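Just so it is clear, none of the values below were taken in a lab; they were calculated from the coordinates. Source: prediction; values computed, not measured. Don't worry about glycine lacking a Cβ; one is built from the backbone with ideal geometry, like all the others, and counts go over all protein chains shown.
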Amino acid sequence: MKWRFDKSKVIRSTDAVMTFLFKIEEVFEVPTRGCVIVPVIEEGADFRIRARDAIQLRTPEGRTLDTHIGSVEFLKQAVGACRIGILLPSDVRKQDVPKGSEVWLTFR
């Protein structure tokens, strides 16, 4: 697994290391599936995520939510590059994750 990230965006605590992944650009709900977040991925970003990876969501208001990735889907656009949608567990709702929230990958 290859990771390239800005060391200033790494937080170490006594029980976990967290790496900043991205900010959320769009949030929507899919009936019977749950909340989907669409990230803003910066030019040159190089990371890998997969279902069941532990993440922490940090809202612009300062709230945090520890959860995990349910699945990763490719969203095809008519023009331009493909984007990804990240399905969160069914207990996370759209109103829990406002646009602009940060997503941090958690290593335990």
Residue that is surrounded by the most Cβ atoms within 10 Å (Cβ to Cβ), among those in the stretch 26-75 that are β-branched (Val, Ile, Thr) and assigned to a loop (DSSP other than H, G, I, E, B): 69
State all residues of the stretch 31-48 that are touching a residue at least 12 places away in the same chain (Cβ under 8 Å) and either among the β-branched types (Val, Ile, Thr) or more than 18 Å from residue 69 (Cβ to Cβ) (or both); if no residue qualifies, say none. 36, 37, 38, 40, 41, 42
